[in-house]
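All remarks here apply to the structure that follows.
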Amino acid sequence: MTNKKKPKKSTKKLPALSDCPFCGGDAKQRQRQRDHWVVCLKCGALGPFTKSKTAAVDAWNQREFMITTG
């Protein structure tokens, strides 16, 4: 029997999410498999799909690329 150590999860805090630039609503970071993005909980606006949580939050906060679903 071998003692395999589990990889440590990152303890870095994500930057705070900015409010939605369209409606001012709260936003939440989402993940499915290896894709990460941010969505507005009020109007459904989406940030870009990225490969990391930090990149998704940074992209949302910079608002360089946004999609509205409403």
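Search the stretch 39-57 for residues that are without any contact (Cβ under 8 Å) to a residue 12 or more places away in the chain and pair each with any residue that is assigned to a helix (DSSP H, G or I) and of a type in the set (S, T, N, Q) when their beta-carbon atoms are under 9 Å apart and the residues are at least 6 apart or on different chains.
none
Can you pull out the residues in the stretch 11-55 that are touching a helix residue (DSSP H, G or I) at 6+ places or on another chain (Cβ under 6 Å) and small (Gly, Ala, Ser)?
SER18, GLY47 - these are the residues of the stretch 11-55 that are touching a helix residue (DSSP H, G or I) at 6+ places or on another chain (Cβ under 6 Å) and small (Gly, Ala, Ser).
Restricting attention to the stretch 28-41, which residues are under 14 Å from TRP60 (Cβ atoms) and open to solvent by 60 Å² or more (accessible area, probe 1.4 Å)?
If the condition is that a residue be under 14 Å from TRP60 (Cβ atoms) and open to solvent by 60 Å² or more (accessible area, probe 1.4 Å), then LYS28, ARG30, GLN31, LEU41 are the ones that fit.
The values are calculated or read from the model by the stated rules, or taken from the named source; none is laboratory data. The structure displayed is predicted, hence computed values, not measured ones. Using ideal geometry, Cβ is built from the backbone for each residue, glycine included, and neighbour counts are taken over all protein chains shown. Each accessible area value is taken on the protein alone, full model and side chains, heavy atoms only, with ligands, DNA and RNA left out. Shrake-Rupley method; radii C 1.70, N 1.55, O 1.52, S 1.80 Å.
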